[in-house]
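The values are calculated or read from the model by the stated rules, or taken from the named source; none is laboratory data. Source: prediction; values computed, not measured. Neighbour counts are summed over all protein chains in view; Cβ atoms, including those assigned to glycine, are modelled from backbone coordinates with ideal geometry. Surface accessibility is based on the protein's heavy atoms, side chains included, excluding ligands, DNA and RNA. Shrake-Rupley method; radii C 1.70, N 1.55, O 1.52, S 1.80 Å.
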Amino acid sequence: MREILSFGPAQRTPPPVADCRGRLLDFTRVRIMGVLNVTPDSFSDGGKFFDLSRALEAVARMTEEGADIIDIGGESTRPGSAPVDEAGELRRVMPVLERLGPSKGPLLSIDTRKPGVARAALEAGVHVLNDVGGLADPAMREAAARAGAPAVAMHMRGEPRTMQENPVYDDVAREVAAYLEGRAREAEAAGVRSVWVDPGLGFGKTWDHNLEILRQLPAFTAMRRPVVIGVSRKAFVGAVTGVAHAGDRLVGSKVAEAFAALAGADVIRTHDVKAAAEALKMAAALARGTAEERSGAG
Ligand code: HH2
């Protein structure tokens with residue numbers, strides 16, 4: 001499926017295989033990260049998976065639908081959201097992690113900005129650290145390095161409470177890519193062996209900034225690190241398609257996910273795994289010009 005890159009602007013050698021604490025993840029095809037928000041207030045599914053049995057059901061469903069990674073988060077970072085303290089976040093995510101145990105199915109990632117939560121989740125066997133704080137906190141880099149876990153450095157300007165108040169950039173893709181390069185180098189110097197970069201769509205960016213970043217994705221793939229993209233149900237998708245309710249933004253989200261894959265994204269973070277898997281298969285077939293996947297192409 002990596003032939004996808006021979007189509008569109010991104011042409012590069014595939015990034016290396018990531019060692020996710022003993023489990024290998026190759027990027028010969030675009031990987032799907034399914035979102036599990038164990039929160040009462042996430043922007044599109046707040047409250048839905050707050051209950052343990054419903055959270056576990058959602059993990060089973062996303063596994064069946066083809067998720068390669070399940071991203072578990074206990075703090076909403078939607079624009080304007082209120083922070084939760086460490087104990088509260090741990091109370092949300094740890095029961096799910098404890099029940100999942102060492103996963104033989106999809107890899108698990110923890111979506112947190114707190115070193116205490118990162119450490120506890122990694123201790124419980126999570127494979128990947130997803131930090132919307134961009135690994136700017138040295139304790140986050142240390143937590144990933146110590147556990148031998150890959151870490152996602154996501155760009156966010158400001159804080160969720162205020163980040164959408166008039167964000168300004170001269171050249172958004174260049175500035176965000178330069179920021180992520182700095183964070184990635186710092187993390188690598190601290191011993192994180194695999195840093196994945198994410199421009200953080202919706203985090204301190206206008207709708208046009210988000211679209212510009214997607215059009216300029218080669219600025220990120222050029223960093224030769226796995227690139228993570230989360231467009232799923234975000235406000236800019238609703239702005240373009242005229243769909244106000246976040247849970248109804250499926251079609252716009254899938255078109256944007258397919259576009260990101262064609263432009264060279266390695267991991268698509270999404271709420272709707274089944275539809276994403278179909279969209280990515282279709283994008284790959286269009287890129288290679290044949291319906292059948294070739295051997296070894298994933
Ligand atoms: N987006 C959200 C949360 N975490 N992590 C990465 N790496 N990339 C993203 O784009 C990203 C992320 C926001 O989405 P969601 O988790 O559904 O909402 P909330 O923050 O309200 O829980």
Complete set of residues in region 259-280 that are touching a Ser or Thr at 6+ places or on another chain (Cβ under 7 Å) and closer than 13 Å to A67 by Cα: R269, T270, H271, D272, A276
Looking only at region 151-181, which residues are in a helix (DSSP H, G or I) and more than 16 Å from the ligand (Cβ to nearest atom)? R174, E175, A178, E181
Suppose the filter is surrounded by fewer than 17 Cβ atoms within 10 Å (Cβ to Cβ), within 12 Å of the ligand (Cβ to nearest atom) and under 20 Å from the mean Cα position of the chain (by Cα); does D45 pass it? no
Exception for K104 within (1) assigned to a helix (DSSP H, G or I); (2) more than 20 Å from D45 (Cα to Cα); (3) not hydrophobic (A, V, I, L, M, F, W, C) falls at (1)
Looking across region 48-60 at residues that are of a type outside the set (D, E, K, R) and assigned to a loop (DSSP other than H, G, I, E, B), the single one that is least open to solvent (accessible area, probe 1.4 Å) is F49
List, please: which pairs have Cβ atoms under 9 Å, are six or more places apart or on different chains, and start with a residue in region 254-270 that is within 13 Å of A284 (Cβ to Cβ) and without any contact (Cβ under 8 Å) to a residue 12 or more places away in the chain and end with one that is within 15 Å of the ligand (Cβ to nearest atom) and open to solvent by less than 10 Å² (accessible area, probe 1.4 Å)? none
Out of R193, R233, sole residue that is within 14 Å of the ligand (Cβ to nearest atom), in contact (Cβ under 8 Å) with a residue 60 or more places away in the chain and farther than 17 Å from H155 by Cα: R233
